[in-house]
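S.K.: Before we start, here is the structure in question, set down as structure tokens.
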Amino acid sequence: MEKLVSLCKRRGIIFQSSEIYGGLSSCWDYGPLGAEMKRNLKEAWWQKVVRERKDIVGLDASILMHSKVWEASGHVESFSDPMVDCRACRRRFRADDVEGDRCPVCGGELTDARQFNLMFKTFMGPVEEDSAVVYLRPETAQGIFVNFANVQQSMRMKLPFGIAQIGKAFRNEITPGNFIFRTREFEQMEIEYFVVPGTDEEWHRRWIEERLQWYIDLGLREDRLRLRPHGEDELAHYAKSCVDIEYLFPFGWAELEGIANRTDYDLRRHSEYSGRRLDYYDEESGKRVVPYVIEPSGGVDRALLAFLVDAYDEEEVRGEVRVVLRLHPKLAPITVGVFPLVRRDGMPEKALEIEEILRPHFNVFYDEKDSIGRRYRRMDEVGTPYGVTVDSQTMQDDTVTVRDRDSMEQERVHIRELADYIREQISSWRRPEHITEEVWV
Ligand code: ATP
């Protein structure tokens, strides 16, 4: 983890937020390469669950919502953890993390347990009065539920159908940590998939499979993924059942995504609190039903961490350690590096021409500094899957070498065919078998 955190900082992937002021705990900024990677990740999700399907449409709801939403959803009442404070050192702990009535750090006296709501509260409008209290959403899901009727009617959706959304969520977590794994501001990718009651369990199973496969297709190692069904005692107040997709992070197995059967809880509650009808008229049977909901809910940042951790590899090449991120080409922040072998004989000009040819199609990066070996290493470190090099032969026959990040093998390709060749490589990419198998825990 330490190696990864320092690589992320050094190579412009992730920085500590407000670093010049000493940093703000648990907040992180995505640098130029991190922003590209995060975008690619969200794009891959959206492509899979919205664009490639007829039964799911997208939504982009606002972060601030009517405070009644959070009463109806149950968050005002039960989105909390019992906490105790130390009267001496003022540290705060989850009540179930401490034994006895003394502070585990300084031995001071602890207060009685108090409910600590995880929602961030703020005030809308210039006067701080109760009626203007609003919350930063702790999940994107509620924006979908309150728009159920709008979406269903405007898009004439028929059951089963889904609404997908990617957006920021905020939780005043008591114990944030593990880099971007648990933060107070994060991004979620959520689908609410509405089904006819009675078909919910079948759809739940399908979504578990579908979502697990998505991570595998994007390159996560299967033996570092597992499914964990929730026990009765840990189910959220709204859920009939829930299965987590867990990943083996360097700090142990932890949740990547939860897939819950939320029943008709949310639509019923919002209907009750708003007085609006939130159900579905089935033309065939002539009956109204309140759909059940299957919710695959994942974190963008958490997934990004898993992809980075999984991709990180070190291997010895000619007596030196090569650090390489074996990211899926679809996720890699830069897709193609373009290099003149040397800085003379017209090679830089030719390479710049190639950069311009490729730029409309891929995220490209031109580099002419240092030896070619060092330039390749710099690209390996940030996971750039392909390196295009202009050499003396290029000057004669317009062919270049294309170096593969994983195998380090090179192939000669004509400039005319370069874009197609790279596209073909991206779509046939497979995680290399020979990769060093380290087991974390
Ligand atoms: P955890 O048990 O880890 O707190 P959760 O079960 O509360 O997570 P959900 O409410 O199911 O999480 O949220 C869905 C997804 O949102 C999680 O699987 C995770 O990927 C992401 N997520 C939730 N909380 C955070 C957070 N504090 N930081 C980053 N991602 C988060």
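The values are calculated or read from the model by the stated rules, or taken from the named source; none is laboratory data. For clarity, every value in this text was computed on a predicted model and none was experimentally measured. Backbone-built Cβ (ideal geometry, glycine too); neighbour counts: all protein chains shown. Protein only, heavy atoms only, side chains kept; ligands, DNA and RNA dropped before computing areas. Shrake-Rupley method; radii C 1.70, N 1.55, O 1.52, S 1.80 Å.
S.K.: Residues in the stretch 373-381: is at least one aromatic (Phe, Trp, Tyr) and part of a loop (DSSP other than H, G, I, E, B)?
M.R.: no
S.K.: Please tell me if Ile56 is more than 28 Å from Ala236 (Cα to Cα), open to solvent by less than 40 Å² (accessible area, probe 1.4 Å) and in contact with a Gly (Cβ under 7 Å, 6 or more places away or on another chain).
M.R.: So Ile56 does not fit the description; no.
S.K.: Right, next: Would you kindly identify the strands (runs of 3 or more DSSP E) lying entirely within the stretch 254-331 that contain at least 1 residues that are within 16 Å of the ligand (Cβ to nearest atom) and under 23 Å from Gly162 (Cα atoms)?
M.R.: By residue number, 292-299.
S.K.: Then there is this: Mind checking whether some residue in the stretch 405-421 is outside any helix (DSSP H, G or I) and among the basic types (Lys, Arg)?
M.R.: Yes, the stretch 405-421 has at least one match.
S.K.: Which of the following residues is aliphatic (A, V, I, L, M) and open to solvent by less than 40 Å² (accessible area, probe 1.4 Å): Met83, Met124?
M.R.: After ruling out the rest, the residue left standing is Met83.
S.K.: Give the stretch 27-44 a look and list any residue that's touching a strand residue (DSSP E or B) at 6+ places or on another chain (Cβ under 7 Å) and not basic (Lys, Arg), or say none.
M.R.: Result: Cys27, Trp28, Asp29, Tyr30, Gly31, Gly34.
S.K.: With respect to Met65, is the statement that it is surrounded by fewer than 17 Cβ atoms within 10 Å (Cβ to Cβ) and of a type in the set (A, V, I, L, M) true?
M.R.: Numbers: surrounded by fewer than 17 Cβ atoms within 10 Å (Cβ to Cβ): no; of a type in the set (A, V, I, L, M): yes.
Here the answer is no, as Met65 does not meet what is asked.
S.K.: What number of residues within the stretch 378-402 satisfy the criterion of being surrounded by fewer than 22 Cβ atoms within 10 Å (Cβ to Cβ) and touching a helix residue (DSSP H, G or I) at 6+ places or on another chain (Cβ under 9 Å)?
M.R.: 9
S.K.: Can you say whether Gly319 is more than 22 Å from the chain's Cα centre (by Cα), modelled with pLDDT under 95, open to solvent by 40 Å² or more (accessible area, probe 1.4 Å) and more than 24 Å from Asp200 (Cα to Cα), as far as the supplied structure shows?
M.R.: Criteria met by Gly319.
S.K.: Please determine, by comparing only the residues of the stretch 410-424 that are open to solvent by 90 Å² or more (accessible area, probe 1.4 Å) and closer than 17 Å to His328 by Cα, which one is nearest to the chain's Cα centre (by Cα).
M.R.: Here the residue is Arg423.
S.K.: For the subset of the stretch 150-170 comprising residues that are open to solvent by 20 Å² or more (accessible area, probe 1.4 Å) and part of a helix (DSSP H, G or I), which member is farthest from Ser271 (Cα to Cα)?
M.R.: Restricting to residues being open to solvent by 20 Å² or more (accessible area, probe 1.4 Å) and part of a helix (DSSP H, G or I), the top hit is Ser154.
S.K.: Please determine whether any residue of the stretch 181-188 is at pLDDT 95 or above and under 17 Å from Ser73 (Cβ atoms).
M.R.: Looking through the stretch 181-188, at least one residue is at pLDDT 95 or above and under 17 Å from Ser73 (Cβ atoms).
S.K.: Identify the residue in the stretch 171-191 that is more than 9 Å from the ligand (Cβ to nearest atom) and not in a loop (DSSP other than H, G, I, E, B) and, among all such residues, is farthest from Ser6 (Cα to Cα).
M.R.: For the stretch 171-191, the residue satisfying everything is Ile191.
S.K.: Follow-up. I'm trying to understand the selection: among the residues of the stretch 205-233, which are among the basic types (Lys, Arg) and either within 15 Å of the ligand (Cβ to nearest atom) or assigned to a loop (DSSP other than H, G, I, E, B) (or both)?
M.R.: Arg211, Arg221, Arg226, Arg228
S.K.: Assuming Ala236 fulfils every condition listed in (1) within 22 Å of the chain's Cα centre (by Cα); (2) within 13 Å of the ligand (Cβ to nearest atom); (3) surrounded by 17 or more Cβ atoms within 10 Å (Cβ to Cβ) apart from one, which condition is it?
M.R.: The one condition Ala236 does not meet is (3).
S.K.: Looking at the stretch 112-128, is at least one residue at pLDDT below 85, more than 29 Å from Ser154 (Cβ to Cβ) and of a type in the set (A, V, I, L, M)?
M.R.: yes
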